[in-house]
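Below: the structure, in structure tokens.
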Amino acid sequence: MNRDQSRKVGSAMVVGGGIAGMQAALDLAESGIKVYLIDNKPAIGGVMSQLDKTFPTNDCAMCIMAPRLVAIGRHKDIEVITLADIEKIDGGPGNFRITLNKKARYVDEATCTGCGTCVSNCPTSNRVQPVQKEKIELQPEFKEKVIEIVESNKNRDGPLMPILQQINSAFNYLPENTLNYISQETGYPLAHILRIATFYSAFSIVPRGKHIVNVCMGTTCYVRGSERLMERFSDLLKVKPEETTPDMMYTLKGVRCIGCCGLAPAVMVGDTVFGKVTIKDVPDILSKYKKTA
Amino acid sequence: MAKLTIDELRKKREEARKGIYLRQGEFKGKIIVHMGTCGVAAGARQIVSAFMEEIEESGRKDVMLTTSGCAGLCSREPMATVETLNTPPVKYIDLTPDKVKKIFKTHIMEGNIAAEYAIGIGSERGG
Amino acid sequence: MAVRRIDLMLCTGTGCVAGGAFRIKDTIENEITKYGLQNEVSVVITGCNGSCGQGPLMVVQPDGIFYGWLKPEDIPFLVQEHFLKGRPVKRLMFVPLERKEPVPLMSNIPFFQKQMLIVLRNKGIIDPEKIDEYIARDGYTAIEKVLPLMKPDEVIEEIMRSGLRGRGGAGFPTGRKWKVCSDERKFPKYIIGNCDEGDPGAYMDRSLFESDPHSVIEGMTIAAYAIGASRGYIYVRTEYPLAIRRMQIALSQARDYGLLGKKILGSDFDFDVEIREGSGAFVCGEETSLIHSIEGKSPEPRQRPPFPAQIGIWGCPTVINNVETLATVPVIINRGADWFSKIGTATSKGTKIFSLVGKINNTGLIEVPMGIALREIIYEIGGGIPKNKKFKAVQTGGPSGGCIPNNLIGLPIDYESLTKSGSMMGSGGMIVMDEDTCMVDVAKFFIQFTNDESCGKCTACRDGSEALLEVLTRISEGEGKEGDVEFLEELGLAIKDASMCGLGTTLPNPILSTVRYFKDEYEAHIREKQCPARVCKKLIKYYVDPDRCVGCLLCVKTCPVSAIKGELKYIHIIDQSLCTKCGQCLEICPPRIAAVTKLTGKEARELQSLPGPIPVAEWKKTKSASKGDFRFTPYREETDREHRGDNEVP
């Protein structure tokens, strides 16, 4: 190994732009050394940028990282090289010579503001890559209905929402296998379907009870004491809000205003609305549905 | 159903108006049939039907037919009060379907009081 | 068409249906048939009448007699007396609170008197499931006028001159929006009716769909003609099943008549509408987010400009109007922009529907001219606050709005004055609050709402609301610190600046307005650790007043956690260590006894419960013997002591 340190170079390379690499780069640069920070991803940040909280302090990940990102961006002695792999390392300590393979990205980094518009407009990025070659078999209890729903909506503009809504109302939830099937049939990536399915409060990806008890938590109902109704339902059904009874009969849910403010506080079971509900009425409402159970 | 043209839509509107005229609140005449126990016993139901037939036949959409309680003159039932715009109400007594025909013609259609069946002009106040 | 004598306008809005309106309809029909009146009397089901507090209700036409709070068992008597014998039944009529006499005529009820119906012109008059009845009430005359006689530009010009502004909340001039879209040269274009009425406490759009769906269809058709669109969507909340059903019926009827579809009314204009449902996400009311939702993308708002009128759904120019705005359009076309612009104030024209709800006597939907004073709405139309409580504030604009306090009760209601007072028009919810409402709790409620509904795209909104909620929760639990209020204000203003869509920029409003007008309440929570309205659970205690308790066991049986100890004729005692403060004991205690009370602040901290069960009679005796200064050994709970160790009993 070449131990000739007579021609030391005042620069260092940090490989990997995660939180550790970023801190290292900053520390080096602060000590007056020119730093090359390289990463094979299109941007620095690493895994931490995908985290919400960090263990064990539950600190916000972005809050820790963001100042460092800014500092690196502004530091005159740090040069960030992204989308690059190391090909070859020559030389020795104090005097390395490194060859990088920098991939093309066709975006001018100097002028890009990172608005993301190119991503959403890219005609090829949203197309699903057929990973699963064989056709997904639906469970027999869902099969007929799901196929019918998907077939009848497939060719509409924006078919995803109507399909999910109809399946959700047919089974009270979205069975996982069905989502795979929808993905295969419509071409939406499964990740996207899951994102939609978990965004809306009307959808559920876990099975729910036969009767969904929606306690209105709109302002009017709240002012008129719907919170106590919720507690009473919770006591009687022995479940917490957003949970389902073990016999799969009831799911208790808080809902954002069902528009029956004149009858506050209101409760909606299935599509039936009960108005001016008092704590005393709660057992009666539930007993109405017991019979049909 | 065939698609409508503008003229057909207008025709439809005229037709449909007949269906909801009771709610429009534009009335020129008002007939009140008194239907207390005494009136009903004396045959006020027939009188109501008779008036309804008349209204239907005439095609008038500005005549309101309502019922009310006993007018107090039980011996002369069936009775009815007829009122047209800007004139005092007139009470008619001892009605029969034939008399109804005449009263409707002279009072509602022509605007003259059918004096031979009337007992009085004006209405008692209150109640 | 056969002549009828009486039309019974039975309200079947969601509210009245919940009260059993369809059961009443069946009973009436049975009774009518029993007396052979079926050819003379017809039962017409109408959409929401607006006076939802009186439901189920019915208006008898042509007399205009108003019956409220109907029950099936009253019907046989009513049919016999009124429809057969012609004697209106006083017992079932509406009795205003300030009067003893019932008011028979709908037109004399103050709730209806003060209103001015433009959008809701057909409410309670037509059967929403019959297109003929809408046509009879001059329905589709506007299309009749527009299609052959007016050029698209003339329609836009007319709407611009009328001064109509968006009824969804922001109040953008409708004509201008149409103009921008019609100037775009990209085709096809789209129109979207926004009925994603997410604001809790507002339900005018639902009511509009339930009572007069065709007026929305007509308005949409005119808008489509004006901007050159051939397709339309109606985006409606899935929480409104009845509204969706009625709109579907209306759409298929309009298609049957050729009022939607190809070559409408023999012209060259094609237009059709499709219903899309939301799925319970508040942010979808925001226009760009709504578009994403229909497209099946993740429903997050995007940066504007470009506005949807330039680049909207499927990348095409799109006008998004609130359905209330659209329902106003036919009336403007029929009666002219000049007539419309005479109603209202200088900047806000026409009428607006409000849902007047909360702690108010006459709850319901009201349509009033812009510029009406808040006082008129609350005291004359609304009939004041129940149980003679004091009016405290009215919350307008939903989670984006603010609270308007008592001293601004003369405020004229229009877009500008509401914004100036720190609130906003919003979709028109008016939630009245009385002295029993805690403003800190209300602010917390709304921030909880927006925190839940924030889509998570902008940090300011997502994390900012979280931080606001944390501080508010702290305050409401009696852990508030000096400086918290200032922090709330500062952070609130920062969120306003840094968020992208309407949800984020308005989310601090409930805090900012309550801090502005009710700072003393915040300070009471922080300094005195007391909740003046006795709402915040951590700051109150339930207490059975021994002087009033009769030992009836009602509260003992009701308590879900068995925290109340007592036997018959013994004074009941609440075990504070078990009490979950659910308030059921207070509700169950008969009003003439009213032994259960709530304590807060110092009172609650120094509460001394009775040491053990004492018979009611004995308590009265000892009390009179000791002339009132009888003292019990204080009874303190373990958990309680931990909380305030410094506050040891001497």
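Here are the numbers for this structure:
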quantity: Exclusive hit being polar (S, T, N, Q) and more than 14 Å from the chain's Cα centre (by Cα), set C:362, C:388; calculated: C:388
quantity: Residue identified as under 30 Å from residue C:155 (Cβ atoms), in contact (Cβ under 8 Å) with a residue 24 or more places away in the chain and in a helix (DSSP H, G or I) among C:376, C:367, C:416, C:380; calculated: C:416
quantity: Among (1) within 24 Å of residue C:250 (Cα to Cα); (2) buried (at least 23 other Cβ atoms within 10 Å of the Cβ) - the single one residue C:111 does not satisfy; calculated: (1)
quantity: Qualifying residue in the range C:394-402 (condition: in a helix (DSSP H, G or I) and in contact with a Lys or Arg (Cβ under 7 Å, 6 or more places away or on another chain)); calculated: no
quantity: Residues of the range C:128-152 that turn out to be facing chain B (nearest Cβ under 9 Å) and part of a loop (DSSP other than H, G, I, E, B), as a count; calculated: 5
quantity: Cβ-Cβ under 7 Å pairs, at least 6 apart or on other chains, the range C:269-297 side free of Cβ contacts under 8 Å to residues at least 60 places away in the same chain, far side assigned to a loop (DSSP other than H, G, I, E, B) and among the polar types (S, T, N, Q); calculated: C:270/C:230; C:271/C:230; C:277/C:238; C:279/C:238; C:280/A:201; C:280/C:238; C:292/C:298
quantity: In the range A:237-250, residue farthest from residue A:273 (Cα to Cα) [restricted to those that are more than 14 Å from chain C (Cβ to nearest Cβ) and crowded, with 19+ Cβ neighbours inside 10 Å]; calculated: A:244
quantity: Residue that is surrounded by the fewest Cβ atoms within 10 Å (Cβ to Cβ), among those in the range C:263-284 that are of a type in the set (Gly, Ala, Ser) and away from chain A (no Cβ under 11 Å); calculated: C:267
quantity: Filter pass, residue C:203 being more than 18 Å from residue C:317 (Cα to Cα) and either in contact (Cβ under 8 Å) with a residue 24 or more places away in the chain or within 14 Å of another protein chain (Cβ to nearest Cβ) (or both); calculated: yes
quantity: Test for residue C:205: is it assigned to a loop (DSSP other than H, G, I, E, B) and within 25 Å of residue C:177 (Cα to Cα); calculated: no
quantity: Odd one out for residue C:360 among (1) part of a loop (DSSP other than H, G, I, E, B); (2) more than 11 Å from every other protein chain (Cβ to nearest Cβ); (3) at pLDDT 85 or above; calculated: (2)
quantity: Given (1) within 14 Å of chain A (Cβ to nearest Cβ); (2) buried (at least 23 other Cβ atoms within 10 Å of the Cβ), number of the condition residue C:22 does not satisfy; calculated: (2)
quantity: Residues that are touching a Phe, Trp or Tyr at 6+ places or on another chain (Cβ under 8 Å) and surrounded by fewer than 17 Cβ atoms within 10 Å (Cβ to Cβ), drawn from the range C:587-606; calculated: C:597
quantity: Residue check for residue C:156: closer than 21 Å to residue C:118 by Cβ and either crowded, with 18+ Cβ neighbours inside 10 Å or not polar (S, T, N, Q) (or both); calculated: yes
quantity: Failed item, numbered, when residue C:318 is tested on (1) under 30 Å from residue C:151 (Cα atoms); (2) hydroxyl-bearing (Ser, Thr, Tyr); (3) surrounded by fewer than 24 Cβ atoms within 10 Å (Cβ to Cβ); calculated: (3)
quantity: Complete set of residues in the range C:124-143 that are within 19 Å of residue C:225 (Cα to Cα), crowded, with 22+ Cβ neighbours inside 10 Å and not aliphatic (A, V, I, L, M); calculated: C:139, C:140
quantity: The range C:238-262 - residue that is part of a loop (DSSP other than H, G, I, E, B) and away from chain B (no Cβ under 13 Å) and, of those, modelled with the lowest pLDDT; calculated: C:239
quantity: Condition check for residue C:79: touching a residue at least 24 places away in the same chain (Cβ under 8 Å), closer than 22 Å to residue B:63 by Cα, in contact with a Leu (Cβ under 8 Å, 6 or more places away or on another chain) and crowded, with 19+ Cβ neighbours inside 10 Å; calculated: no
quantity: Elements of type helices (runs of 4 or more DSSP H) contained in the range A:153-223, each with 3 or more residues being within 11 Å of another protein chain (Cβ to nearest Cβ) and under 16 Å from the mean Cα position of the chain (by Cα); calculated: A:190-199
quantity: Residue within the range A:45-52 that is under 27 Å from residue C:467 (Cβ atoms), among the polar types (S, T, N, Q) and within 24 Å of the chain's Cα centre (by Cα) present; calculated: yes
quantity: Residues located in the range A:252-265, provided they are in a loop (DSSP other than H, G, I, E, B), within 7 Å of chain C (Cβ to nearest Cβ) and either out of contact with any Pro (no Cβ under 8 Å at 6 or more places or on another chain) or buried (at least 24 other Cβ atoms within 10 Å of the Cβ) (or both); calculated: A:257, A:258, A:259, A:260, A:264
quantity: Residue satisfying condition, being away from chain C (no Cβ under 13 Å), touching a residue at least 40 places away in the same chain (Cβ under 8 Å), under 15 Å from the mean Cα position of the chain (by Cα) and surrounded by 19 or more Cβ atoms within 10 Å (Cβ to Cβ), within set B:108, B:31; calculated: B:108
quantity: Residue among C:405, C:399, C:330 that is touching a residue at least 60 places away in the same chain (Cβ under 8 Å) and either on the phi > 0 side of the Ramachandran plot or under 15 Å from the mean Cα position of the chain (by Cα) (or both); calculated: C:399
quantity: Check on residue C:308, farther than 23 Å from residue C:150 by Cα and buried (at least 24 other Cβ atoms within 10 Å of the Cβ); calculated: yes
quantity: Single unsatisfied condition, residue C:503 versus (1) assigned to a helix (DSSP H, G or I); (2) closer than 30 Å to residue C:389 by Cα; (3) in contact (Cβ under 8 Å) with a residue 12 or more places away in the chain; calculated: (2)
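So that you can scan it fast, the table gives a plain yes or no per residue for (1) away from chain A (no Cβ under 14 Å); (2) modelled with pLDDT under 85; (3) closer than 30 Å to residue C:384 by Cβ:
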{"residue": "C:8", "(1), (2), (3)": "yes, no, no"}
{"residue": "C:26", "(1), (2), (3)": "yes, no, no"}
{"residue": "C:34", "(1), (2), (3)": "yes, no, no"}
{"residue": "C:40", "(1), (2), (3)": "yes, yes, no"}
{"residue": "C:43", "(1), (2), (3)": "yes, no, no"}
{"residue": "C:74", "(1), (2), (3)": "yes, no, yes"}
{"residue": "C:79", "(1), (2), (3)": "yes, no, no"}
{"residue": "C:91", "(1), (2), (3)": "yes, yes, yes"}
{"residue": "C:97", "(1), (2), (3)": "yes, yes, yes"}
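Residues checked against (1) buried (at least 24 other Cβ atoms within 10 Å of the Cβ); (2) without any contact (Cβ under 8 Å) to a residue 12 or more places away in the chain; (3) touching a Pro at 6+ places or on another chain (Cβ under 7 Å); (4) within 14 Å of chain A (Cβ to nearest Cβ):
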| site | (1), (2), (3), (4) |
| --- | --- |
| C:420 | no, yes, no, no |
| C:470 | no, yes, no, yes |
| C:473 | no, no, no, no |
| C:483 | no, yes, no, no |
| C:489 | no, no, no, no |
| C:509 | yes, no, no, yes |
| C:514 | yes, no, no, yes |
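The values are calculated or read from the model by the stated rules, or taken from the named source; none is laboratory data. What you see is a predicted model, and the numbers here were worked out from it, not measured in a lab. Here the Cβ is made from the backbone with ideal geometry for all residues, glycine too, and neighbour counts use every protein chain on show.
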